[in-house]
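Nothing in this text is a laboratory measurement; each read-out follows from the coordinates by a stated rule. Since the structure is predicted, the reported quantities are computational estimates derived from the model, not experimental observations. As a convention, Cβ positions derive from the backbone with ideal geometry for all residues, glycine included, and neighbour counts pool all protein chains shown.
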Amino acid sequence: MNNTDTPSTEKSSLTKDELWGKCLLYIKDRIQEQAFQTWFDGIVATTLNEEGITLQVPNQFHYEWLESKYRHLIDNALKEYAEFPMLVNYSVVISEKSIDEIPTLTPKEKPIPRGYQRKSQLNSRYTFENFIEGKSNQFAKAASTSVADTPGQTPYNPLLIYSSPGLGKTHLLQAIGNKIIKQNRNMRVVYLTSEKFMLDFISSIQKNRSTEFTSNYRNVDMLLLDDAQFFQSKEQTQEQFFHLFNDLFQKGKQIVLTTDRHPGELKGLKDRLVSRFQSGLIVDIQPPDLETRIAILMKKAEDDGLEIPYDVTEFIASAIKGDIRAMEGAMVKLLALSSLRREDITMNLAQQVLKNLLGDNSFADITIDQIIKYVCREMKISERQLLGKSRTMEVALARQLAMYLSKELTNASLANIGSHIGSRDHSTVIHACKNIDKKALAESDFQRKIENIKNEISGLKISNIEKGNI
Ligand code: ADP
Ligand code: MG
């Protein structure tokens with residue numbers, strides 16, 4: 001085998017360490033110091049042979065991150081210094097320390113007080129198992145799992161998760177805590193909101209017990225702090241937290257934080273605190289796509305033993321886009337109304353609930369028929385063609401565009417859109433939407449055309465509302 005430090009071929013005169021060392025310098029010059037430390041510091045090359053180079057990474061998540069964000073840079077570095085094209089392989093090292101050996105106060109030294117886990121404020125309802133993964137949250141979930149598996153040992157300390165409300169930050173934070181105490185009940189995990197942190201701090205000052213307050217939190221092995229944006233403008237609390245943070249960090253304890261926006265955009269936080277927040281790994285959660293929203297609702301219904309017709313689930317998921325909490329809230333309202341009125345859960349009932357929640361205007365949406373008219377005019381084909389069976393490229397594209405816009409701009413279900421536009425089923429509509437997305441990404445002209453139609457349609461919507469036509 002060729003995995004030695006000596007040159008693997010006559011062509012290449014660098015050892016694996018020399019080659020990778022040069023690559024690291026190349027990469028270091030091109031990314032921010034912070035990113036370099038998190039992702040490249042400590043990564044070594046374990047083998048180098050004719051086929052390529054193998055890099056050792058601390059876990060699966062690290063590998064995925066390098067592949068998705070830095071692959072290009074690594075390839076370029078190798079092109080620069082290696083004398084033949086190289087494949088990059090990864091090997092994941094299993095940490096030598098098992099979770100039981102993670103530095104922690106041993107039970108002998110300090111008995112875990114009874115009821116401590118209760119005090120940790122964890123809610124067992126939030127787990128990784130019931131957190132549905134989609135494109136919008138997969139990195140946040142992977143990073144969280146990684147931290148839960150090897151707390152304090154990954155380069156992701158602190159881990160900071162940010163997103164707008166209702167997208168699963170608290171869920172992930174709690175899932176980390178729950179997983180850890182399941183693996184090792186001696187771990188002192190504390191979950192708290194920054195508001196609670198501040199209230200505890202204030203009450204300790206009132207009672208002249210601020211030393212107790214400090215030591216309470218300094219004894220933990222993992223600190224999960226939710227909604228840190230609440231610290232904005234609370235200078236004394238920030239100060240306290242800053243010291244706690246440093247103390248825990250120096251002891252190698254894991255810290256996980258959430259905020260409602262990127263820490264760089266938080267106002268009223270001291271620079272040195274923001275720079276601590278940014279010193280580990282920052283991941284965001286984006287609003288989930290329709291399929292993920294449907295999956296979340298279905299999972300929730302399944303967990304709660306509820307039978308909700310598929311079209312109702314899809315209807316709710318289509319109507320409420322940016323906030324999972326609101327979506328779940330709509331489902332709970334629907335259940336409440338159905339049991340109150342002793343009525344089955346039907347589309348009709350679901351429409352009433354959503355009208356109530358979102359207001360009438362959300363239903364002032366354009367109809368699929370109006371979209372069809374617009375698309376036909378814009379694409380210069382007849383309605384008969386669009387609704388018919390023709391497969392010519394032009395007509396097929398117009399049909400797909402009509403499906404796409406109907407999904408984007410109306411509350412109609414996929415099935416409903418499909419049956420309206422040429423008796424297709426919902427999978428055809430999904431396929432059409434993907435196609436249009438792809439085309440819009442590739443062709444800016446096409447993207448502009450879509451934007452134009454959307455704008456015109458929005459104009460129509462407003463004039464409809466003004467005229468009281470809805
Ligand atoms: P945030 O803290 O970001 O405001 P939460 O974690 O409180 O949001 O999430 C709001 C609700 O949505 C919770 O009931 C949570 O369980 C649920 N939720 C969010 N994301 C997911 C997901 N990916 N899978 C399942 N449930 C989710
Ligand atoms: Mg939250």
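At-a-glance table
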quantity	calculated
Modelled label reach - V92, point 7 Å along Cα→Cβ, the range 129-148 residues with backbone N closer than 16 Å	138-148
Within the chain, percent of DSSP bridges classed antiparallel, to nearest 5	20
Mean projected area in nm² (Cα convex hull; one quarter of hull surface) for the chain	30.8
Contact order relative to length of the range 258-370, as percent, for alpha carbon pairs under 8 angstrom and 6 or more apart	19
Length-normalised contact order of the chain in % [C-alpha pairs under 8 Å, at least 6 apart]	11
Residues in the range 292-324 that a label on S339 would reach, taking backbone N under 13 Å of a point 7 Å out along Cα→Cβ	304-307
Overall form of the range 229-388 per C-alpha gyration tensor (a/c, 1.5; a/b vs b/c)	prolate
Contour minus Cα-Cα distance for E83 and E307 (0.36 nm per residue)	74.4 nm
Total formal charge among the other residues, if their Cβ is under 9 angstrom from that of A415, Lys/Arg +1 and Asp/Glu -1	-3
Surrounding net charge for S210, when Lys and Arg each add one and Asp and Glu each subtract one, Cβ distance under 13 Å	0
Residue exposure sequence - K169, K251, K141, K300 - by fewest surrounding Cβ within 10 Å	K251, K300, K141, K169
Helix-only mean residue ellipticity at 222 nm for the chain, each DSSP H run of n ≥ 4 adding -39500 (n - 2.57), per residue, nearest 500	-16500 deg cm²/dmol
The chain: angle of helix 235-250 to the longest principal axis, Cα-based, in degrees nearest 10	60
Inter-part distance where the range 398-456 and the range 155-178 are each reduced to a Cα centre, Å	34
Counted charge near K135, where neighbours are those whose Cβ lies closer than 10 Å (Asp, Glu -1; Lys, Arg +1)	-3
When each of K135/K169; K300/K438; K135/K407; K169/K434; K69/K300; K299/K355 is checked by Cα-Cα distance, pairs over 22 Å	K300/K438; K169/K434; K69/K300; K299/K355
Nitroxide proxy distance, nm - points 7 Å out along Cα→Cβ at D200 and K434	4.7
